[in-house]
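Below: the structure, in structure tokens.
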């Protein structure tokens, strides 16, 4: 399985509550009781994955970062990868 | 009946037994103490607070008294008892009234989980609440005292009690705790400031309490809706400056200042989201009250 073929999903409905203001987001994880603040880029990644009904792939996430004018080309790809790793480590996304 | 209706000897007798049922907003505390400084402090700072019947319900039962043993006489100390237990180490006897105040703060923050509780000063204008969360040393109490002496209604100097359903902030008007240089700042700020005795060498330095203004006590039954979240910071020599704070940052700062966020969990998250949704969020730095107050007047007037 290549990185690009992994489909990223957010936890099941109800597990994570979130709210966005001015491009940043705050999340509450019901399973851990933890609250997180996501900066502009992380919020774009989270929203892209959360709003994709069947999950989001790395290329589509990188494209979202480009569309938001937060990064271009290879930089967007690397940024997406780093943020996904952070979100996965926090249990906020999972890939299959 | 209010505290001022009692003659000093009647107040002392009620405090000795069965306890003074003191109402502060929605909270009734049964206070017992044989210590004259506690009676004096209550007589000064709670003069206009309502009293409930001696046989009535009390949310908390507290007892401020000397410990048993030699410390009753030698290097005298005082203990705060809550429902029969002593949750804190004893303090020097001279700190009896501050210990009552600090103990009452703890009673509320550790037990009133019907509210989401923030470490914050709260004041009201036109039904709208100004919520000022801040750590100790930020100048929060100084600013709070000055605003309370300048037309804002004091809901609390220390504790924002937010109803998670209605989002209303409930008042618990109690003395404003002033420390060190703030004491003289407020004393010279207004002749209406009624300060109690100085208590030296506490963990916070020299402490004096300011009696809550009459209106804040008489209107303690009126809640307010959060409209402004302001994080104050005393910055020596600086000009007064009010600057917007990104809402996600303000949200996290509110979480950091919540006493019982973990108790409420998702409900606390939703409550603070509504607070941030409904209010404007700012950082405020200042060094002179004369510059600070017009800024808040402007907020209230929608400027």
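Observations
- Residues of the stretch B:268-292 satisfying the condition of being more than 17 Å from residue B:227 (Cα to Cα) and more than 12 Å from chain A (Cβ to nearest Cβ): B:285, B:286, B:287, B:288, B:289, B:290, B:291, B:292
- Qualifying residue in the stretch A:39-50 (condition: within 14 Å of another protein chain (Cβ to nearest Cβ), at pLDDT 95 or above, within 29 Å of residue B:254 (Cβ to Cβ) and surrounded by fewer than 18 Cβ atoms within 10 Å (Cβ to Cβ)): yes
- Which numbered condition residue B:15 fails, given (1) part of a loop (DSSP other than H, G, I, E, B); (2) surrounded by 18 or more Cβ atoms within 10 Å (Cβ to Cβ): (1)
- Residue in the stretch B:50-59 that is crowded, with 18+ Cβ neighbours inside 10 Å, under 25 Å from residue B:207 (Cβ atoms), modelled with pLDDT of 95 or more and touching a helix residue (DSSP H, G or I) at 6+ places or on another chain (Cβ under 8 Å) present: no
- Considering residues of the stretch B:258-271 that are crowded, with 20+ Cβ neighbours inside 10 Å and under 21 Å from the mean Cα position of the chain (by Cα) only, the residue nearest to residue A:19 (Cα to Cα): B:261
- Boolean, residue B:207 is crowded, with 16+ Cβ neighbours inside 10 Å and closer than 19 Å to residue A:22 by Cα: no
- If you go through the stretch B:125-144 and keep only what is more than 14 Å from the chain's Cα centre (by Cα), surrounded by fewer than 24 Cβ atoms within 10 Å (Cβ to Cβ) and under 22 Å from residue B:301 (Cα atoms), you end up with B:125, B:126, B:127, B:128.
- Of all residues in the stretch B:272-303, those being assigned to a helix (DSSP H, G or I), in contact with a strand residue (DSSP E or B) (Cβ under 8 Å, 6 or more places away or on another chain) and either touching a residue at least 60 places away in the same chain (Cβ under 8 Å) or crowded, with 19+ Cβ neighbours inside 10 Å (or both) number 9.
- Residue in the stretch A:78-91 that is more than 29 Å from residue B:256 (Cβ to Cβ), touching a helix residue (DSSP H, G or I) at 6+ places or on another chain (Cβ under 6 Å) and either at pLDDT below 95 or surrounded by 15 or more Cβ atoms within 10 Å (Cβ to Cβ) (or both) present: yes
- Taking first residues from the stretch B:243-267 that are closer than 14 Å to residue B:231 by Cβ and more than 7 Å from every other protein chain (Cβ to nearest Cβ) and partners that are modelled with pLDDT under 95 and buried (at least 19 other Cβ atoms within 10 Å of the Cβ), the Cβ contacts under 9 Å between residues at least 6 apart in sequence or on separate chains come to B:250/B:279; B:257/B:134.
- Scope the stretch A:3-35; condition surrounded by fewer than 15 Cβ atoms within 10 Å (Cβ to Cβ), touching a helix residue (DSSP H, G or I) at 6+ places or on another chain (Cβ under 9 Å) and at pLDDT below 95; matching residues: A:3, A:4, A:5
- Residue B:44 vs. criteria surrounded by fewer than 20 Cβ atoms within 10 Å (Cβ to Cβ), modelled with pLDDT of 95 or more and in a helix (DSSP H, G or I): yes
- Here residue B:114 fulfils each of the conditions (1) more than 12 Å from the chain's Cα centre (by Cα); (2) in contact (Cβ under 8 Å) with a residue 60 or more places away in the chain; (3) not in a strand (DSSP E or B) apart from (2).
- The stretch B:231-258, residues that are under 20 Å from residue B:300 (Cα atoms), in a strand (DSSP E or B) and in contact with a helix residue (DSSP H, G or I) (Cβ under 8 Å, 6 or more places away or on another chain): B:231, B:232, B:242
- Hits in the stretch B:23-39 - residues which are part of a helix (DSSP H, G or I) and without any contact (Cβ under 8 Å) to a residue 60 or more places away in the chain: B:36, B:39
The values are calculated or read from the model by the stated rules, or taken from the named source; none is laboratory data. If you're wondering where the values come from, they're calculated on a predicted model, not measured in any experiment. In this analysis, Cβ positions are derived from the backbone assuming ideal geometry, glycine residues included, and neighbour counts consider all displayed protein chains.
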